[in-house]
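The values are calculated or read from the model by the stated rules, or taken from the named source; none is laboratory data. Model, not experiment: these values are computed from the prediction. Virtual Cβ from ideal backbone geometry, glycine too; neighbours counted across all protein chains shown.
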Ligand SMILES: Nc1ncnc2c1ncn2[C@@H]1O[C@H](COP(=O)(O)OP(=O)(O)O)[C@@H](O)[C@H]1O
Ligand SMILES: [Mg+2]
């Protein structure tokens, strides 16, 4: 792997956009700091100003008032062209150039930057591997129309990462994918994010996607006002107002269960139960319990247990059996939010 820049902060400082002729702002005095290396999801209803907020950062849209800084530098201190070379941008439908091959799509920015051919080739191959498209020779000569939606999306991500920008902006990048492909591409992107640590502002209208992906979630309400900014656990356990509560929906309690994996709970319940779990009595009560993987979220495991009409599940990590979780362990994880913070810190 080549050396990667580790990201830099994005600061919205009273950032406001009122489109020409509009009576009210689309984005209203947004204050928000995305820390270096952080993945922040911007969520909210359609028309809430999410795309506007993102396009203000790379100056596809101009600020009406306020400022946005990348690191210490205002976005208005440099030309829009210069600015955009430091920002990876990925959008729904991938935005690939249809008449360019995969190789040429990924090479767009490096070519503009005047990289040598050899370096571009090496970088392109590295990125295709990174987004899970290998062997790379299969994909390099193809055109976007010869790829599935998920493959196009992966190429779109590779292109956004090509010149190793410290900042990534993503506007509903997985919005057009079917549910199975979507999960695969989300997982792929999370793994990339953990590996390369770009500061990422990720727009989605899907709160479940935000809960899965985000270090912190910023919720915009109609009129482009920030309703709440916090970790998924904070937002879910303590919605700032009725709007946020309604946006999170009636399944807020269930969504919280998506923040904890079965693996985290099974070790906890082992500590509590100690040697007790080894008794014959404990073994017989688990008869008919379904198997779940330690990497599953409590929410997914609860669904498996419910479908099996059981009182708990047997937890596996690959071939080894880790222990059991009861229905009670699944629905009342101990201090889930704090655990997660601890892991992420
Ligand atoms: N180029 C534009 N010209 C005028 N109004 C716009 C433009 N783009 C967006 N808007 C308006 O700004 C508001 C916010 O839009 P947008 O940022 O696209 O929201 P979201 O991405 O959250 O759906 C909407 O009312 C939309 O109609
Ligand atoms: Mg939008």
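Here are some notes:
- Subset tally (residues that are in a loop (DSSP other than H, G, I, E, B), within 24 Å of residue 49 (Cα to Cα) and without any contact (Cβ under 8 Å) to a residue 40 or more places away in the chain) for region 175-205: 1
- Test for residue 223: is it surrounded by fewer than 16 Cβ atoms within 10 Å (Cβ to Cβ), within 16 Å of ligand 2 (Cβ to nearest atom) and part of a loop (DSSP other than H, G, I, E, B): yes
- Condition check for residue 71: under 26 Å from the mean Cα position of the chain (by Cα) and either away from ligand 1 (no atom under 16 Å from the Cβ) or surrounded by fewer than 20 Cβ atoms within 10 Å (Cβ to Cβ) (or both): yes
- Any hit, region 173-195, residues being within 19 Å of residue 31 (Cα to Cα), within 14 Å of ligand 1 (Cβ to nearest atom) and within 16 Å of the chain's Cα centre (by Cα): no
- Test: residue 218 is part of a strand (DSSP E or B), at pLDDT 95 or above, in the same structural domain as residue 36 (by TED's automatic domain parsing) and closer than 24 Å to residue 176 by Cβ: yes
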